[in-house]
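Data block below; observations after.
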Amino acid sequence: MDVSVILPTMNEEEAIKAVLPRIKEVLEDMGVEYEIIVVDKSQDRTPEIAQRLGAKVIRQRSKGYGGAYLEGFKVAKGKYIVMMDPDGSYPPEDIPRLLEPLMKDEADLVICTRLKGKILPGAMPWLHRYIGNPLLTKILDVFFKTNVSDAHCGMRAFKREVLERLNLKCRGMEFASEMIIEAVRAGLRIKEVPITYYPRIGKSKLHSLKDGWRHLRLMLLYSPTYLFLIPGILIIILGIALMIYAYNTNPFRVHTMILGSLLAIVGLQVLNFGISAKVYAVKEGFSKPDELTEFFMRYSILEEGLALGGFMIISGFLLGLWIFYQWYRRGYGELYEVKAAILVLTLIAVGLQVVFFSFFISIFMLKEGFE
C-alpha cells in the first residue's frame, strides 16, 4: 500500500459527498495504491455515505480530534499517511504536492500552510487568521524552534515509519501542536507547502478559546524552561532586589522587604519545580540531557545541596540567636530588629527548600547511581 488518507468525521454527510470522490480521483491519477480511512463519530449518515463511496469506515471509540487520528494510524497500511479534514476546506488536488517531498526523500513530515498560501473570504475567522493562529504558532516556534508558519493546519503528510519516533498521546485539538513538537524532538525533516484554504462545508467544530488554551497548555507543559525556570529566576531576582533596596533604605520599608522575601522563597520553589521537571523528562526519555540536567543529575548533588542548605539554615539560626541576645540585653522589652528577623526567615526557609530539593532530585538517581 502506497498512500493512506485519514479523515476524522463527525456529522459531515454533506461534505463527505463532495470530498471523497475528489480524493479518489486525485490518487487514481497519481497511479498509486491507496486506501481512504474514515474515523467516524457521527450521528448522521456520514459513515454510510463514506462506505458507499469506497472508504474504510472505523467507528471512533475515543474522544477528540487527536483520538480519531490515533485510531486511524493503528489501521493505516500505507507507506505514506495523509491527514486532512473532510469538510472541504483543504483541496484534495494538493495531495500530490504534499506527498512529493516525502517520495523524493526530502522530508519526513510535510505540513500545509494557509498563511503562506491563499485564504479565501469566509474560510477563516479574523480572530484565528490574524491573532490566534499566528500567536500560538510563534509561541511554538520560540519554545521549540519549529520554524513553521501554520502549526494548526489540518492537512499534512508523513512517512508511516516515523510513527515509531513520535510519542503521540493527545486526544484533543492540541494533537496538531504535539505532532510538530514531537517531530522536532525526534529530529525529523519538516517541510511546508502553501495551499489555498476554502470555506468549509457545514458547521465548524472549533471552539476558539477552549481549543486555543489546549494548545497553549500543551506547549507550557512540554517546556519546563518557559513554564518554571525563566519565571522562577525572574521572581528570585526581583525578590532579592526588593530586599536589598528595602534593607538599605531609610526610613526602613518593612512591607517592601517582606514582599521581597516572599518572592525570593516562591521563586526558588518555582525554580525547583522546573529543574525537577527537566530531570524527570530526561529520565523518562522525553528529552535529551543538557548542561543544566547533567549538573543536577550528578551523584554528589545531594551532599552539595545539604552543605549549601545547611549553611543557610545555620546562618539563619545564628542570626536568630543574635536577635534573641539583643532582646535579652534590653531586658526582654521592646525590640525592633525587623530587618534581621526577615533575613532569618528567608535564610531558614530557603535553606530548608534547598535541603529537601536535594533529597527529592536525588531520588531520580537511585536506580542508576549517576556519577
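The values are calculated or read from the model by the stated rules, or taken from the named source; none is laboratory data. Please read these numbers as outputs of a predicted model, since none were measured by experiment. Neighbour counts are summed over all protein chains in view; Cβ atoms, including those assigned to glycine, are modelled from backbone coordinates with ideal geometry.
Checking R114 against (1) buried (at least 21 other Cβ atoms within 10 Å of the Cβ); (2) under 28 Å from F286 (Cβ atoms); (3) among the basic types (K, R), only one condition comes out false. Which one?
That leaves (2) as the condition not met.
Based on what the data block shows, is K283 free of Cβ contacts under 8 Å to residues at least 60 places away in the same chain and within 30 Å of A183 (Cβ to Cβ)?
Numbers: free of Cβ contacts under 8 Å to residues at least 60 places away in the same chain: no; within 30 Å of A183 (Cβ to Cβ): yes.
So K283 fails the test.
Y336: within 21 Å of I244 (Cβ to Cβ) and surrounded by fewer than 16 Cβ atoms within 10 Å (Cβ to Cβ), yes or no?
Working: within 21 Å of I244 (Cβ to Cβ): yes; surrounded by fewer than 16 Cβ atoms within 10 Å (Cβ to Cβ): yes.
Yes; evaluated as a whole, the condition is true for this residue.
With respect to L188, is the statement that it is farther than 30 Å from D87 by Cβ and not hydroxyl-bearing (S, T, Y) true?
On the way: farther than 30 Å from D87 by Cβ: no; not hydroxyl-bearing (S, T, Y): yes.
No; evaluated as a whole, the condition is false for this residue.
From A107, A176, grab the single residue that is under 23 Å from Y222 (Cβ atoms) and in a loop (DSSP other than H, G, I, E, B).
Working: A176 fails: in a loop (DSSP other than H, G, I, E, B).
When all the criteria are applied, what remains is A107.
Residue by residue, here is whether (1) β-branched (V, I, T); (2) modelled with pLDDT of 90 or more holds:
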site: F311; (1), (2): no, yes
site: Y328; (1), (2): no, no
site: A349; (1), (2): no, yes
site: F357; (1), (2): no, yes
site: I361; (1), (2): yes, yes
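Step by step: first the residues of region 153-210, then only those that are under 22 Å from N11 (Cα atoms) and hydroxyl-bearing (S, T, Y), then the one that is surrounded by the most Cβ atoms within 10 Å (Cβ to Cβ). Which residue is that?
Result: Y197.
Which condition number in (1) touching a helix residue (DSSP H, G or I) at 6+ places or on another chain (Cβ under 7 Å); (2) within 20 Å of D2 (Cα to Cα) is the one that E71 fails?
(1)
Tell me, which strands (runs of 3 or more DSSP E) lie completely within region 8-104 with 3 or more residues that are surrounded by fewer than 22 Cβ atoms within 10 Å (Cβ to Cβ)? If you could, list the steps in order and put the result at the bottom.
Numbers: elements: 34-40, 56-59, 80-83.
Hits in region 8-104: 56-59.
Starting from region 296-324, keep only residues that are free of Cβ contacts under 8 Å to residues at least 12 places away in the same chain, then list their pairs with residues that are exposed (fewer than 15 other Cβ atoms within 10 Å of the Cβ) whose Cβ atoms are within a distance under 9 Å, requiring at least 6 positions of separation or different chains.
S300/E371
Sort through K63, K56 and tell me the only one that's assigned by TED's automatic domain parsing to the domain that holds G187 and touching a residue at least 24 places away in the same chain (Cβ under 8 Å).
Details: K56 fails: touching a residue at least 24 places away in the same chain (Cβ under 8 Å).
Step by step, each of K63, K56 is checked, and only K63 is assigned by TED's automatic domain parsing to the domain that holds G187 and touching a residue at least 24 places away in the same chain (Cβ under 8 Å).
For the condition touching a residue at least 24 places away in the same chain (Cβ under 8 Å) and over 27 Å from the mean Cα position of the chain (by Cα), what is the one hit in V39, V32?
Details: V39 fails: over 27 Å from the mean Cα position of the chain (by Cα).
After applying the criteria, what remains is V32.
Yes/no matrix, rows are residues, columns are (1) among the acidic types (D, E); (2) farther than 25 Å from P251 by Cβ; (3) touching a Pro at 6+ places or on another chain (Cβ under 9 Å); (4) assigned by TED's automatic domain parsing to the domain that holds I244:
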| position | (1), (2), (3), (4) |
| --- | --- |
| T293 | no, yes, no, yes |
| F296 | no, yes, no, yes |
| I301 | no, yes, no, yes |
| F311 | no, yes, no, yes |
| I314 | no, yes, no, yes |
| G320 | no, no, no, yes |
| I323 | no, no, no, yes |
| E337 | yes, no, no, yes |
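V350 - would you say it is closer than 17 Å to N272 by Cβ, assigned to a helix (DSSP H, G or I) and out of contact with any strand residue (DSSP E or B) (no Cβ under 8 Å at 6 or more places or on another chain)? Talk me through it step by step, then tell me what you get.
Details: closer than 17 Å to N272 by Cβ: yes; assigned to a helix (DSSP H, G or I): yes; out of contact with any strand residue (DSSP E or B) (no Cβ under 8 Å at 6 or more places or on another chain): yes.
Criteria met by V350.
Look through region 247-262, keep the residues that are exposed (fewer than 15 other Cβ atoms within 10 Å of the Cβ) and of a type outside the set (A, V, I, L, M, F, W, C), and return whichever of them is modelled with the highest pLDDT.
Keep residues of region 247-262 that are exposed (fewer than 15 other Cβ atoms within 10 Å of the Cβ), which gives 248-252, 254-255.
Then drop every residue that is not of a type outside the set (A, V, I, L, M, F, W, C), which leaves 248-251, 255.
On the way: N248: 89, T249: 87, N250: 83, P251: 82, H255: 92.
Among those residues, the one meeting the criterion is H255.
Going by the structure shown, is K278 charged (D, E, K, R) and either touching an Asp or Glu at 6+ places or on another chain (Cβ under 7 Å) or buried (at least 17 other Cβ atoms within 10 Å of the Cβ) (or both)? So that I can check it myself, show each step before the final result.
Values: charged (D, E, K, R): yes; either touching an Asp or Glu at 6+ places or on another chain (Cβ under 7 Å) or buried (at least 17 other Cβ atoms within 10 Å of the Cβ) (or both): yes.
It is true that K278 is charged (D, E, K, R) and either touching an Asp or Glu at 6+ places or on another chain (Cβ under 7 Å) or buried (at least 17 other Cβ atoms within 10 Å of the Cβ) (or both).
Here are some conditions: (1) closer than 20 Å to P199 by Cα; (2) at pLDDT below 95. I23 meets all but one. Which one does it not meet?
Result: I23 fails condition (2) only.
Given I236, I244, I265, which one is at pLDDT below 95, in the same structural domain as G351 (by TED's automatic domain parsing) and hydrophobic (A, V, I, L, M, F, W, C)?
On the way: I236 fails: at pLDDT below 95; I265 fails: at pLDDT below 95.
Residue meeting the stated conditions: I244.
If you scan region 268-298, which residues turn out to be under 28 Å from A349 (Cβ atoms), at pLDDT below 90 and of a type in the set (G, A, S)?
Matches in region 268-298: A281 only.
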